[in-house]
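Undergrad: This is the structure I want to talk about, given as structure tokens.
The values are calculated or read from the model by the stated rules, or taken from the named source; none is laboratory data. As the structure is a computational prediction, the values presented were derived from the model and not from experiment. Cβ: placed from backbone, ideal geometry, glycine included. Neighbour counts: every protein chain shown. These area figures cover heavy atoms from the full protein model, side chains too; ligands, DNA and RNA do not enter into them. Shrake-Rupley method; radii C 1.70, N 1.55, O 1.52, S 1.80 Å.
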Amino acid sequence: AEELEAKREWFAGIVDLMRERFNRLMDVTDHMALFMAEDVRPENDEAKEMVEMDHVPEMLSVFASKVEALETLDSASLKAALKEVQKETGNKGKNLFMPTRIAITGQLHGPDLNQMMTILGKEVVLKRLAVYAK
């Protein structure tokens, strides 16, 4: 029962985060791949180019080490981790957030990234970052 409750909370978090993208219940299935996929790929050439920029492997590696060190993933701790990455690597704004989003979701735009990572959980986030981190 405990596991079922955890799954229900996880799914409720997804629905809450993606609510404005759902017009009808069927839309939920279109977006579930984002949360269920073992790995994600850039949605198009623009996304692919952003995640292949020279600074990205090191930057995502630094972010992965910050995520690894977090006891719990929540919006506040992830925001703080990204701020530390910005300080340590000098990457900020679009050069920080876009490649991170693409590594995690494959998409250039989408729902709040910190909430997204909270729902995905540490293991999935680290697995997705590892594809691009060096």
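Undergrad: Looking at residue 111 and the list (1) in a loop (DSSP other than H, G, I, E, B); (2) open to solvent by less than 40 Å² (accessible area, probe 1.4 Å); (3) more than 28 Å from residue 8 (Cα to Cα), which single condition is not satisfied?
TA: Going through the list (1) in a loop (DSSP other than H, G, I, E, B); (2) open to solvent by less than 40 Å² (accessible area, probe 1.4 Å); (3) more than 28 Å from residue 8 (Cα to Cα), residue 111 breaks only (3).
Undergrad: Just name the residue that is surrounded by the fewest Cβ atoms within 10 Å (Cβ to Cβ) out of those in the stretch 31-90 that are in contact with a helix residue (DSSP H, G or I) (Cβ under 7 Å, 6 or more places away or on another chain) and of a type in the set (S, T, N, Q).
TA: For the stretch 31-90, the residue satisfying everything is 75.
Undergrad: Taking the residues in the stretch 1-37 that are part of a loop (DSSP other than H, G, I, E, B) and modelled with pLDDT of 70 or more as candidates, determine which candidate is farthest from the chain's Cα centre (by Cα). Full working, then the answer.
TA: Of all residues in the stretch 1-37, those part of a loop (DSSP other than H, G, I, E, B) come to 1, 22-26, 37.
Imposing the further condition that a residue be modelled with pLDDT of 70 or more reduces the set to 1, 37.
Working: 1: 28, 37: 12 Å.
Filtering the stretch 1-37 for residues that are part of a loop (DSSP other than H, G, I, E, B) and modelled with pLDDT of 70 or more, the one farthest from the chain's Cα centre (by Cα) comes out as 1.
Undergrad: Which pairs turn up if I take residues in the stretch 75-93 that are without any contact (Cβ under 8 Å) to a residue 60 or more places away in the chain and hydrophobic (A, V, I, L, M, F, W, C) and look for partners that are surrounded by 21 or more Cβ atoms within 10 Å (Cβ to Cβ) and assigned to a helix (DSSP H, G or I) with beta carbon separation below 6 Å, at least 6 apart in sequence or on another chain?
TA: Every condition considered, the pairs that remain are 78/117; 85/63.
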